[in-house]
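The values are calculated or read from the model by the stated rules, or taken from the named source; none is laboratory data. These numbers come from a predicted model, not from an experiment. We place every Cβ from the backbone using ideal geometry, glycine too, and count neighbours over all the protein chains shown.
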Amino acid sequence: MRIKRAFRVWQRHWLVYTKLYKTSFALNFAEPALYLVAMGLGLGSFVKDIHGQPYIKYIAPGIVASSSVFAAVYECTYGTYIRMTFQKTFDAILATPVNLDDLIAGELIWGATKSVIFGITIAIVIALFGLVESPLIILVIPCIFLGGLIFAELSTIFCAIVPGIDSFSYFYTLFMTPLFLFSGIFFPLDSMPPLVADLAFFTPLYHLVIVCRAFTSGSVTNALGSIVWLIVAAVILAPFPFKLMKKRMIM
Amino acid sequence: MHRGGFRAESAEGWAALGGKEREPAVDIVVVRKLIKDYNGLRAVDGVDFAISRGQCFGFLGPNGAGKTTVLRMISCFMPPTAGSVSVFGLETAEHPSEIKSRIGVMPQDNNLDPDLSVIENLTVYGRYFDIKKKDSLRIARVLLEFVELQDKAGVQIDQLSGGMKHRLLLARSLMNNPEILILDEPTTGLDPHSRRAVWDKLNHLKKKDTTLLLTTHYMEEAEKLCDRVAIMDSGKIVTVDSPSHLMKLHGGNLEDVYLKLTGRSLAD
């Protein structure tokens, strides 16, 4: 893999995104804002403070984490799959000096970049709601990149093994939705049976939520363990998208 | 690295662009005992041939004969199951990027980027070859003129007709001024007028000493363009010769030659 050639792939995605973002950018704000209003203000008015915080303040960092990883997941499931199959964009790129490893690296880094774009956007939204206490939230950007990379890797692995585009429903329903609900975004997991918290420890969104929450409130030390977890997970997962895509595309 | 060739400063169209430096007639592609297995089927079954620089080499045969698979291995898309493919004296398995930087590929199916405009399809493609933005824009404009799409530069791909997409694919495959141009059924699905237009362009490239490799199941195309043809059947090369010599040996046109050599007609 050559990082420069991977960057060429990233540049293609960036060009397409900057051409289209004007039509879709407002939507990036809309969905998390809806969650904040409906859950934070609506449901929140019936919920007592959690860990000494009003409900809307409790869920805000989790919304940053989940919206950002979903951006990477959409990109590296449907986006990658469409480029690989229907549009044959991969075939066109592979006829150039860009090789499959470069291409997959470009896809993964782009997925993580999408996470960062969404993460920053939503962090601005929650800041506008007055829900950010610490300027340390800036430090969440590299962590979101890391979280986005993990979800890009998982999505690309799935992308390499699915028989068709309809199979992504399994990934969303059986994997993403449970993570969204049980990663400590909407309620602390210590209110659940211990098994739930134990399982959650092995999932990436749980740790990204901890990191986002810690940086939003300025208590960085709470995040260190989870940052290490995210780094280790990103490294362990890294070889698989390359291996499985090679198997799908070439063998 | 982008190889020289587009040296002309004034954009007086394709003709003004410099040709490639002539190199002695050596074998630019050498294929030995090539085998490719796919899902338990032997798609290519022990193929040997060599192509010398500046030649137009055609693979003739019905669908499923293994023509496309051979081309895909030469263009470093897939590794051989056994045997070897060397291009410019380099093994495809070891130097894919270097080989691909010097060849152009025109695919059978449209794989233009629907998210980009006509000219962006060319410049983004050029960027994969590390062609600088300024050069890339200039080359793209010259090539659009070459394929008569200069008025369509800003248009989205889905607004092009089938023939126009075809010509844009040809232009895109020339962005890196390739020494070898690989064309998989370059005129399949085109109307007679567009087909003749593509032949004209390919003859023009031949004159500029570009080596052409193409697959076809049109006899007329093979007769018009190819210096040598390999007749393929069930993953094997039945014979390699010039179209005129084949016709002299076996009589009639290439269609008859094919029937005689394989015992079946191309339409099968």
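Annotations
- Of the residues making up the stretch A:15-52, those that are buried (at least 16 other Cβ atoms within 10 Å of the Cβ) and within 13 Å of chain B (Cβ to nearest Cβ) are A:Leu15, A:Val16, A:Tyr17.
- Complete set of residues in the stretch B:179-194 that are surrounded by 20 or more Cβ atoms within 10 Å (Cβ to Cβ) and touching a helix residue (DSSP H, G or I) at 6+ places or on another chain (Cβ under 9 Å): B:Ile180, B:Leu181, B:Ile182, B:Leu183, B:Asp184, B:Glu185, B:Pro186, B:Thr187
- Here B:Phe88 meets each of (1) of a type in the set (Phe, Trp, Tyr); (2) more than 10 Å from chain A (Cβ to nearest Cβ); (3) in contact with a helix residue (DSSP H, G or I) (Cβ under 6 Å, 6 or more places away or on another chain) with one exception, condition (3).
- Looking only at the stretch B:118-132, and only at residues there that are at the interface with chain A (Cβ under 9 Å from one of its Cβ atoms) and assigned to a loop (DSSP other than H, G, I, E, B), the one that is surrounded by the most Cβ atoms within 10 Å (Cβ to Cβ): B:Phe129
- B:Glu23 surrounded by fewer than 19 Cβ atoms within 10 Å (Cβ to Cβ), within 14 Å of chain A (Cβ to nearest Cβ) and either modelled with pLDDT of 95 or more or closer than 27 Å to B:Lys224 by Cβ (or both): no
- Check on B:Ile51, surrounded by 15 or more Cβ atoms within 10 Å (Cβ to Cβ), under 29 Å from A:Gly79 (Cα atoms) and either out of contact with any Gly (no Cβ under 8 Å at 6 or more places or on another chain) or more than 14 Å from chain A (Cβ to nearest Cβ) (or both): no
- Flag if B:Val229 is under 30 Å from B:Ala82 (Cβ atoms), crowded, with 22+ Cβ neighbours inside 10 Å and aliphatic (A, V, I, L, M): yes
- For the stretch B:133-154, the candidate set comprises residues that are touching a residue at least 24 places away in the same chain (Cβ under 8 Å) and within 14 Å of chain A (Cβ to nearest Cβ); within that set, the residue that is surrounded by the fewest Cβ atoms within 10 Å (Cβ to Cβ) is B:Gly154.
- Strands (runs of 3 or more DSSP E) fully within the stretch B:27-95 counting 1 or more residues that are of a type in the set (Lys, Arg): B:27-38, B:41-52
- Residue within the stretch A:57-77 that is within 14 Å of chain B (Cβ to nearest Cβ) and in a helix (DSSP H, G or I) present: yes
- Residue check, A:Phe180 part of a loop (DSSP other than H, G, I, E, B), under 20 Å from A:Ala123 (Cα atoms), hydrophobic (A, V, I, L, M, F, W, C) and in contact (Cβ under 8 Å) with a residue 40 or more places away in the chain: no
- For the stretch A:78-92, a residue qualifies if it is in a helix (DSSP H, G or I) and either over 15 Å from B:Tyr125 (Cα atoms) or more than 8 Å from every other protein chain (Cβ to nearest Cβ) (or both), and the qualifying residues are A:Tyr78, A:Gly79, A:Thr80, A:Tyr81, A:Ile82, A:Arg83, A:Met84, A:Phe90.
- Qualifying residue in the stretch A:233-240 (condition: in a helix (DSSP H, G or I), modelled with pLDDT under 95 and not hydrophobic (A, V, I, L, M, F, W, C)): no
- Given (1) within 20 Å of the chain's Cα centre (by Cα); (2) under 26 Å from A:Glu133 (Cβ atoms), number of the condition A:Val220 does not satisfy: (1)
- When the stretch B:102-112 is limited to residues that are part of a loop (DSSP other than H, G, I, E, B) and closer than 18 Å to A:Thr89 by Cα, the one that is nearest to the other protein chains (Cβ to nearest Cβ) turns out to be B:Asn111.
- Qualifying residue in the stretch A:151-161 (condition: in contact (Cβ under 8 Å) with a residue 40 or more places away in the chain, closer than 27 Å to A:Gln53 by Cβ and surrounded by 21 or more Cβ atoms within 10 Å (Cβ to Cβ)): yes
Residue-by-condition table, conditions (1) at pLDDT below 90; (2) β-branched (Val, Ile, Thr); (3) at positive phi:
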{"residue": "A:Leu15", "(1), (2), (3)": "no, no, no"}
{"residue": "A:Pro32", "(1), (2), (3)": "yes, no, no"}
{"residue": "A:Gly42", "(1), (2), (3)": "no, no, no"}
{"residue": "A:Lys57", "(1), (2), (3)": "no, no, no"}
{"residue": "A:Ala60", "(1), (2), (3)": "no, no, no"}
{"residue": "A:Ile63", "(1), (2), (3)": "no, yes, no"}
{"residue": "A:Thr77", "(1), (2), (3)": "no, yes, no"}
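- Residue check for A:Asp101: more than 20 Å from the chain's Cα centre (by Cα), within 14 Å of chain B (Cβ to nearest Cβ) and in a helix (DSSP H, G or I): yes
- Failed condition for B:Asp151, given (1) modelled with pLDDT of 95 or more; (2) part of a loop (DSSP other than H, G, I, E, B): (2)
- Residues satisfying the stated conditions in the stretch A:44-55, i.e. at pLDDT 90 or above and under 26 Å from the mean Cα position of the chain (by Cα): A:Gly44, A:Ile50, A:Gln53, A:Pro54, A:Tyr55
- Annotation note: of A:Ile124, A:Ile109, the sole residue that is more than 14 Å from chain B (Cβ to nearest Cβ), more than 22 Å from A:Lys247 (Cβ to Cβ) and not charged (D, E, K, R) is A:Ile124.
- Some residue of the stretch A:2-10 being among the basic types (Lys, Arg) and more than 14 Å from chain B (Cβ to nearest Cβ): no
- Unmet requirement for B:Asp115, which otherwise passes all of (1) touching a Ser or Thr at 6+ places or on another chain (Cβ under 8 Å); (2) part of a loop (DSSP other than H, G, I, E, B); (3) within 14 Å of another protein chain (Cβ to nearest Cβ): (1)
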